[in-house]
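Take a look at the structure below.
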Amino acid sequence: MNMNKAVTVDGENKFCFHEETHLTVRKTSVFFPGDGFIAYDPHGEILFRFDSYGPDSKPKDELVLMDAAGKCLLTLLRKKPSLHQRWEGYVGEKGEHQDPIFSVCRSSIIRRSSLVVEVFGDPNEEYQIEGSFPHRCCTIHKTSLEKSSREPVAEIKRKLDPSTNVMLGKDVFLLLLKPGFDSALAMGLVLILDQMYGDDAYEEADETGHTLEDSSS
């Protein structure tokens, strides 16, 4: 199966899979439930961690995605001020003069809009995120201006309990990855989505799940 050419976090495709892969993502924390994340590979091994050490649910300005051993893979920074809620992603621990490898922002300042992921250094590589994160129903599309095309490369979905076929709560969900799309980048986008939209709008979000809504508006 052909792998999609995409930005990679480590430069070695360490977190890219050669076949479609489903990660299980669980909201957790070291001390307080619901404000951290752990992502498991298909074998149940921890692949990524995001630790939060306090009950403060206010939006954070800096996020650190780590591997299972606690190594920093991505530093995610919120840019202020920004009407479009712009975030930038840096490889590893951000250095003083280090440039970001991607940015994320809303495509519009209106309440309902998609998110645009711009990859620096490659003008032909861009992604759009559409759906409802509070409902755990989002799709990441790779877009091409030259070909006027959109290709789904990752998806966030609710998870079923395989033993009972019952839908699990929103604190446990699936991150579906197409071949070649960096799972660390995808998980970094999950962290940003959680900060931008959270779960506050879960009961009020559009049941169709076709739009991203800013719950902070």
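Stretch CYS72-GLN98 to full length: gain in nm at 0.36 nm per residue minus the Cα-Cα span?
Working: separation 26, 0.36 × 26 = 9.36 nm, distance 1.49 nm.
My answer for the length gained is 7.9 nm.
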Of the listed pairs LYS80/LYS159; LYS14/LYS170; LYS80/LYS157; LYS71/LYS159; LYS94/LYS170; LYS60/LYS170, those with alpha carbons more than 26 Å apart are LYS80/LYS159; LYS14/LYS170; LYS80/LYS157; LYS71/LYS159; LYS94/LYS170
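Bear in mind that the values in this text are calculations on the coordinates, not laboratory data. Just so you know, these numbers come straight off a predicted model, no measurement behind them.
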